[in-house]
Amino acid sequence: MQRKFLISTYVFIILLSLIGLFWSAKQDEGVFLTIAHFWGNGQIPYKDFFDHKPPGIYILLFPIAKIFTQIFTARMVIIFVNLLSSIFIYKIICQKLSKKQAIFPSIIFFWMMYIFQGFLIETEPLMAFALIVSYYFFIKSKNNLRYIILVGLFSGVAFLFKQPAAINILVYSLFYFIKKNHHKIKLTKIALYVFGIFISILPVCLYFIPKVGIENLYYQIFVSNFTYPSLKNNQIIAPLIFSLPIIFLTLLQIDKKIKQTKWSDQDFLLIFFILFPLPLLIFRTYPHYWLQIVPFLIIFIAESINTYQKILFLPIFFSVLFFGYQFVNYEFPIYHEQSQISQYVKHEAKKSDYIYSTRNLSSIYFQTGNQPSSEYLYINEISRNDLSEEKTIQSIQKNPPKIIIWIDPEKYYLEPYAWTLSLYIQSNYCVIKKYAHSNLVIYQLPNDNCRIAKPLPVRIK
């Protein structure tokens, strides 16, 4: 019975992963792949393209974007990374439970990575992997101090994927500083940890600082990252609902731990890794942000997961139904339209032609190989202080795109941003085709076959 339960659970999760390969392309995925692709053609991130993510994602995607032009290929890499993360979760749990008891929590981890958008080409699954490996070597360092270098190295790698990993670095640093040890041993541990971080980040700094400039690099990765406006959405609701049993098990485990008189160093770190990022997550509604705490949550409640594993089958089953329904009725129709738009651009535009797209299809540059007219690939998430909209209009005037993919003016109230740019596009380009599911419109420079229509006023919901 136990074996059938595990097999059926794993089959459901594999089905979710296969569905995720053909999800419609998302904004971040397109931006990452586009920058990685054109980096391979001689352009430089942060210099030729504006972005507020650290360079780790571009380094990883660089060889992939050089060879492939399909998004699902890169998603397969992300799923493979999630599998590696699941293996490390298994190995970590084996330190305190039996091998048999470590199997199901590692499967639940893989499921949670999916429902919190860990199948997409985002920085968070990669940051989570590096943080998991870092914690694995932290456990190993109890018997061998040299492993502390690897704790620092993978902490640095995690930071190269996403800035919030600095919270985990802070927790490790405080732990090594506060931990009661002989003064010499304490200094040795801190030095080894800092050295590990140093050797992971230094080569990246030595590459980018001369090419981009330290001021520009600092502004985009740090200042812009924490000042850009976040679009409100309700994407986090479904993952949190499916996670209710996990939240229940967490409360049970906390109650159990409180009754214990002695906590291990691992227990303290897990609690801090879970609690410290929460203030940031409250103000950000994107599900993948929560992936920073998911692995440590699973490790912390692994024992409770085994005790109450049957209550987790229903949320897994219903998540397959929910995401399957979402895929069939929403994501796949958009995926199909995105493919049609990509084929149209490939047919109508030469490789040397500029194009420009709304954030909803930022992957179009990667898929077609056409250069974007502007360094801003998603101006809705860039602070107004950057004058990104004005600069984009100037870039379009300087390098007129042959084709523009933009939001349907009649549906613009659904996500109003860059109003001036939208009116500029409507006033200078003619409509070729509209797509109902993705709410996108193909615009082209006017010619004998198409004329400019009167711009529609922007409606705000």
Pull out all pairs, ordered by first then second residue, where Cβ-Cβ is under 6 Å, the residues are six or more apart or on different chains, the first lies in the stretch 252-268 and is over 21 Å from F175 (Cα atoms), and the second is in a loop (DSSP other than H, G, I, E, B) and hydrophobic (A, V, I, L, M, F, W, C).
Q253/I301
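Would you mind finding the one in I92, I115, I107, I121 that is within 24 Å of L18 (Cα to Cα), assigned by TED's automatic domain parsing to the domain that holds Y58 and out of contact with any Ser or Thr (no Cβ under 7 Å at 6 or more places or on another chain)? Working first, answer last.
Details: I92 fails: within 24 Å of L18 (Cα to Cα); I115 fails: out of contact with any Ser or Thr (no Cβ under 7 Å at 6 or more places or on another chain); I107 fails: out of contact with any Ser or Thr (no Cβ under 7 Å at 6 or more places or on another chain).
Exactly one of I92, I115, I107, I121 is within 24 Å of L18 (Cα to Cα), assigned by TED's automatic domain parsing to the domain that holds Y58 and out of contact with any Ser or Thr (no Cβ under 7 Å at 6 or more places or on another chain), namely I121.
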Which residues, taken from the stretch 28-72, are crowded, with 23+ Cβ neighbours inside 10 Å and among the polar types (S, T, N, Q)?
T34
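Pick from I214, I246: which is exposed (fewer than 13 other Cβ atoms within 10 Å of the Cβ) and in the same structural domain as K53 (by TED's automatic domain parsing)?
I214
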Give just the number: which of (1) at pLDDT 90 or above; (2) β-branched (V, I, T); (3) surrounded by fewer than 23 Cβ atoms within 10 Å (Cβ to Cβ) does I108 not satisfy?
(3)
Contact list please: Cβ distance under 7 Å, first residue in the stretch 128-153 and more than 19 Å from L270 (Cβ to Cβ) and assigned by TED's automatic domain parsing to the domain that holds I190, second residue buried (at least 19 other Cβ atoms within 10 Å of the Cβ) and of a type in the set (K, R), pairs at least six apart or on different chains.
L145/K189
Restricting to the stretch 284-337, what's the tally of residues that are over 25 Å from F272 (Cβ atoms) and among the hydrophobic types (A, V, I, L, M, F, W, C)?
15
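List the helices (runs of 4 or more DSSP H) that sit entirely inside the stretch 1-107 and contain at least 3 residues that are closer than 24 Å to G156 by Cα and either free of Cβ contacts under 8 Å to residues at least 24 places away in the same chain or of a type in the set (A, V, I, L, M, F, W, C) (or both). Lay out the reasoning, then the answer.
On the way: elements: 2-21, 27-39, 56-67, 71-93.
In the stretch 1-107, 27-39, 56-67, 71-93 are the helices (runs of 4 or more DSSP H) which contain 3 or more residues that are closer than 24 Å to G156 by Cα and either free of Cβ contacts under 8 Å to residues at least 24 places away in the same chain or of a type in the set (A, V, I, L, M, F, W, C) (or both).
Taking the condition closer than 24 Å to F242 by Cβ, buried (at least 23 other Cβ atoms within 10 Å of the Cβ) and of a type in the set (G, A, S), does G152 pass?
no
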Qualifying positions in the stretch 158-179 - under 19 Å from F283 (Cβ atoms) and part of a loop (DSSP other than H, G, I, E, B):
K162, Q163, P164
Restricting attention to the stretch 299-322, does a residue exist that is surrounded by fewer than 17 Cβ atoms within 10 Å (Cβ to Cβ) and in contact with a His (Cβ under 7 Å, 6 or more places away or on another chain)?
no
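The values are calculated or read from the model by the stated rules, or taken from the named source; none is laboratory data. Since the model is a prediction, treat every value here as computed from it, not as a measurement. Reconstructed Cβ throughout: ideal geometry from the backbone, glycine too, with neighbour counts over all protein chains shown.
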